[in-house]
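Only one structure is covered here, and it is reproduced in the block below.
The values are calculated or read from the model by the stated rules, or taken from the named source; none is laboratory data. Source: prediction; values computed, not measured. Neighbour counts are summed over all protein chains in view; Cβ atoms, including those assigned to glycine, are modelled from backbone coordinates with ideal geometry. Keep in mind that these areas ignore ligands, DNA and RNA; they rest on the heavy atoms of the full protein, side chains included. Shrake-Rupley method; radii C 1.70, N 1.55, O 1.52, S 1.80 Å.
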Amino acid sequence: MAQDLRGFLDLIKRRKPEDFVIVSREVDPAFEITAIVAKLEREAKRRPVLVFENVKGSRFPVLTNLHASRARLASAMSSGPQEMLATYLRAMDKPIPPKVVATGPVKDVVLTGDRINLYDLPQIVHHEGDGGPYITAAISFAKDPTRELWNCAYNRLMIQGRDRTSIHLTVGKHLWEFHRLAEARGQSLPVAFAIGVHPVIALGALAIGSIDEDERGIMGGLFGEPLELVKCETSDILVPAHAEMVIEGEILPEARVPEGPFGEFTGYSLGERQREVLKVHAITHRAGAYFQDISVAHLDHMLLSTIPMEANLYRAVRAMVPSLKAVRVPAPFTCYVSIEQRVPGQAKNAILSVLGADLYMKRVVVVDQDVDVFDDRQVTWALATRCQPDRDITIITSARGSDLDPSSRGEDGYTAKWGVDATAKPSLAAYTPRHRVPPDVWERIRLEDFGL
Ligand code: MN
């Protein structure tokens, strides 16, 4: 399978040409790109991949909205929209280790020393109040400084100089842990960021699992072949050979700079914080590289991130409750679960599984199998009619959650969590029955017989 973004774009152009739109008119990277994506989504109900050829102040075209359709993400995984969860779980279960190749198109242009200038990139400002231009589609590749263990993640980068950005490391997650290990030794952490990749690489980078799981193997599992990697110019970090662009650098020890505010997936613009610093040592890119952008908190961002989240939560709950039916992440920090409860207590076990499997999860609702978790009205109905709050709500105090949750108390990410058991008690079978038209009548009635 073509492992580059361009191969996937060719597929879109062949299969669904209306999903690929080139904008030739000049756009201002400050707010206009996000405004166009959001207006298309909200007013025109369209979600094409967009290429802005003429971006004020930069020679790089901007490609955005790549992940804004479930069907598009499914086709990237060679799957159907209904089978995405199963496809992703297979890749998690059967990862394929990456392989190193001698070189690749990402080395077409190599910029080091004085030729590095992050201000040559599109200076995209997404939302009002953002602290500056951000790179939102950068996928980090890094190695544990103490052992042979690799990690990939999305990390937002705020451009802070010609060769300098700040970086948001999610407190408590894997890259943050790597950096803390390096910092404890007084060392910097070598890292590289791929920008502009096949959606399978994006989906793999967002896998949520143990620090021991290598996201690059999940990418390979989704490709059905090893991910091809090349060595960086200025470190031993390995990066996708077919990326549009790679930024090489190191996260410095004991350095912090003001970062933010930045409008995030939570729907809030969290204020300025002191965050880690990236010193850039090289930029390499393909000839005529696309600079990829993700409009934060819009479909491009939210669809992409929920698929890996739901797969991990499905795996975790199923380990505890084999009769799990479905899992959905409908909103930030929130998970709905439906189960066929065989014995009392399984709903509570499902709550514990979700809260134990994903740092970000804060609110869990568990319903019976007759409730469709993809229909918010049905979940609300179950909450209202099958739940006694004094009996069915579980609260976990003083836990670690997302450092981007504005409701955190005292310290960013220090939070309570809660689960609601909205299953019928003592069991669905023993519960007051739902009303219905008798099945034989339902079957017999044909609307056309009544002139309808
Ligand atoms: Mn990881």
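Think of the chain as having a plus end and a minus end, set by charges on the Cβ of Lys, Arg, Asp and Glu; of V197, G260, T397, T397 sits farthest toward the positive end of this dipole. Heavy-atom accessible area, probed at 1.4 angstrom with all protein chains present, ranks M309, M1 as M1, M309, highest first.
In the assembled protein chains, W381 presents an accessible area of approximately 90 Å² (probe radius 1.4 Å). The separation of region 203-223 from region 1-49, counted between C-alpha centres, amounts to 26 Å. May I ask what percent, to the nearest 5, of DSSP beta bridges between residues of the chain are antiparallel? Around 75 percent antiparallel, to the nearest 5. Solvent-accessible surface (1.4 Å probe) assigned to D449 amounts to roughly 90 Å².
Comparing N54, A71, F31 along the charge dipole axis of region 1-71, the residue lying farthest to the positive side is A71, per the Cβ-charge model. Per-residue SASA remark: L278, around 0 Å² accessible (1.4 Å probe; ligands, DNA and RNA not included). Taking a Cβ cut-off of under 9 Å around L404, the surrounding Lys, Arg, Asp and Glu residues balance to a net charge of -4, with basic ones at +1 and acidic ones at -1. In the context of the full set of protein chains, residues of the chain present 44 Å² of accessible surface per residue (probe radius 1.4 Å, heavy atoms only).
Using a ≥ b ≥ c from the Cα gyration tensor of region 90-148 (square roots of the eigenvalues), is it rounded, prolate or oblate, where a/c under 1.5 gives rounded and otherwise the larger of a/b and b/c decides, a/b for prolate? It comes out oblate by the Cα gyration axes. Within region 188-344, the proportion of Cα pairs with more than 21 Å between them is 61 percent. Given axes a ≥ b ≥ c from the Cα gyration tensor, I'd like to know whether region 88-241 is rounded (a/c under 1.5), prolate (a/b larger than b/c) or oblate. Note, shape of region 88-241 comes out rounded.
How large a share of the accessible area of region 148-304, in percent, is made up of carbon and sulfur atoms when the probe is 1.4 Å and the other protein chains stay in place? After summing per-atom areas, the C and S share lands at 50 percent. Could you work out the local net charge near V125, counting Lys and Arg as +1, Asp and Glu as -1, over the other residues with Cβ closer than 13 Å to its Cβ? Every neighbour counted, the sum reads -3. At q = 0.06, 0.07 Å⁻¹, work out log10 I(q)/I(0) for the chain with the Debye formula, treating every Cα as an identical point scatterer and leaving solvent out; two decimals please. One equal scatterer on each Cα of the chain leads to -0.28, -0.38. Contact order, relative form, for the chain: 15 percent (alpha carbon pairs under 8 Å, 6 or more residues apart, mean separation divided by residue count). If you look at the Cα atoms of region 322-363, you get an Rg and a Dmax of 10.3, 30 Å. Listed cross-link partners K173/K348; K13/K107; K173/K279; K39/K325; K231/K279 are compared with a 30 Å cut-off, the Cα-Cα value being larger for K39/K325.
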